[in-house]
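Nothing in this text is a laboratory measurement; each read-out follows from the coordinates by a stated rule. Keep in mind that what you see is a predicted model, and the values were worked out from it rather than measured. Every residue, glycine among them, receives a Cβ derived from its backbone with ideal geometry; neighbour counts consider all protein chains shown.
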Amino acid sequence: MAEPATAGAPEPAEDATPPLLEVAGLHKRFGPDRTVLANVALRLAAGERVALLGESGVGKSTLLNLIAGLERPDAGEVRLGGVAVSRLDDDAAARLRAREIGFVFQAFHLLPHLRLWQNVAVPLLLAGGTATADARARATAMLAHVGLERRADALPRELSGGEQQRVALARALVHQPRLILADEPTGNLDPRTAATALALIDAQVRERGAALLMVTHSAQAAAIAERRLVLTSGGLREAAE
């Protein structure tokens with residue numbers, strides 16, 4: 001069994017601006033004998049792009065889930081914009097994600113009974129304050145950015161894996177989140193479509209000041225990041241150039 005991650009990530013130089021995302025002393029176990037993450041620390045500033053690298057099974061997806069409040073740590077804290085995500089109940093965490101976090105899931109997690117525009121509009125409707133007609137318009141416009149506006153009324157089962165990946169990306173960005181968490185966002189895309197998807201993510205970061213934490217094995221995807229961190233059994237560290 002691999003030794004647990006025990007070191008925090010090297011942190012950028014301190015400045016007067018508090019980080020958008022701060023992870024401190026994070027521990028996660030699955031069962032009594034399997035420690036996945038231990039004492040993991042990470043700081044991410046608004047507008048910063050970070051690629052998270054590492055071998056399969058080391059805990060990268062688990063770390064994203066903990067940051068998003070989809071799983072709870074056994075110890076440690078996740079703070080987003082000063083809010084202790086790790087202390088929220090499930091309903092409050094869902095509302096926070098709908099307002100502040102865009103999550104591109106590796107397995108898509110599209111709702112099979114909803115049309116594509118409805119899937120994309122989910123964050124807008126969960127957050128409240130957006131009429132259904134406006135949500136549909138915004139969702140359809142986002143689908144246009146990923147080349148799927150003509151499929152807005154299709155169901156997920158009618159799409160290829162690559163098309164579903166693009167819908168998942170549109171859903172993650174439609175509400176202009178402050179934090180984008182992306183788990184292998186180009187894993188099902190051909191190089192040309194991947195470049196378009198990465199440009200869309202990059203534009204959200206540059207134009208909206210969002211922060212990006214992206215798990216990837218793709219050199220093409222990692223190239224848009226300003227920092228690259230590697231998660232290993234020994235902890236988080238800066239990637240070698």
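Determine the shape class of the stretch 194-241: with a ≥ b ≥ c the square roots of the Cα gyration tensor eigenvalues, call it rounded for a/c under 1.5, and otherwise prolate if a/b is greater than b/c, oblate otherwise. All intermediate terms of the calculation are to be shown ahead of the outcome.
Details: a/c = 2.67, a/b = 1.80, b/c = 1.48.
Taking the square roots of the gyration eigenvalues as a ≥ b ≥ c, the stretch 194-241 is prolate.
Given Cβ point charges of +1 (Lys, Arg) and -1 (Asp, Glu) and nothing else, what value in debye, to the nearest 20, does the dipole of the stretch 96-225 about its Cα centre take? Could you put the intermediate results ahead of the total?
Numbers: 14 positive and 11 negative charges, 53 e Å.
Once rounded to the nearest 20, the dipole reads 260 debye.
State to the nearest 20 debye the size of the charge dipole of the stretch 21-238 about its Cα centre, where the only charges are +1 on K and R beta carbons and -1 on D and E beta carbons. Spell out each step's value before the answer.
On the way: 27 positive and 23 negative charges, 43 e Å.
About 200 debye.
For helix 161-173, report the angle its Cα long axis makes with the longest principal axis of the Cα atoms of the chain; keep it between 0 and 90° and round to the nearest 10°.
Compared with the principal axis, the helix lies near 80 degrees.
Starting with the highest mean, order 60-69, 148-157 by the number of other Cβ atoms within 10 Å, averaged over the residues of each peptide.
Top to bottom by mean Cβ count within 10 Å: 60-69, 148-157.
Quick one: order 86, 56 by neighbouring beta-carbon count within 10 Å, fewest to most. All intermediate terms of the calculation are to be shown ahead of the outcome.
On the way: 86 21, 56 7.
Lowest to highest Cβ neighbour count: 56, 86.
Listed highest first by mean packing, meaning other Cβ atoms within 10 Å per residue, what order do 206-217, 167-178, 105-116 come in? Don't skip to the answer; put the middle values down first.
On the way: 206-217: 19.0, 167-178: 24.1, 105-116: 15.9.
Sorting 206-217, 167-178, 105-116 by mean packing, highest first, produces 167-178, 206-217, 105-116.
Treating the beta-carbon of each Lys and Arg as +1 and of each Asp and Glu as -1, no other charges, what is the dipole magnitude of the stretch 120-194 about its Cα centre, to the nearest 20 debye?
160
If you average the C-alpha positions of the stretch 201-226 and of the stretch 111-133 separately, how far apart do those two centres end up, in angstrom?
Going from one Cα centre to the other spans 25 Å.
Among 218, 59, 116, which residue has its Cα furthest toward the positive end of the charge dipole of the chain, with +1 on Lys/Arg Cβ and -1 on Asp/Glu Cβ?
116
If one takes the longest principal axis of the Cα atoms in the chain, at what angle in degrees, from 0 to 90 and to the nearest 10, does the Cα axis of helix 90-100 lie?
So the helix axis and the longest Cα principal axis differ by about 70 degrees.
Express as a percent, rounded to the nearest 5, the fraction of DSSP beta bridges in the chain (both residues included) that run antiparallel.
In the chain, DSSP labels about 50 percent of beta bridges as antiparallel.
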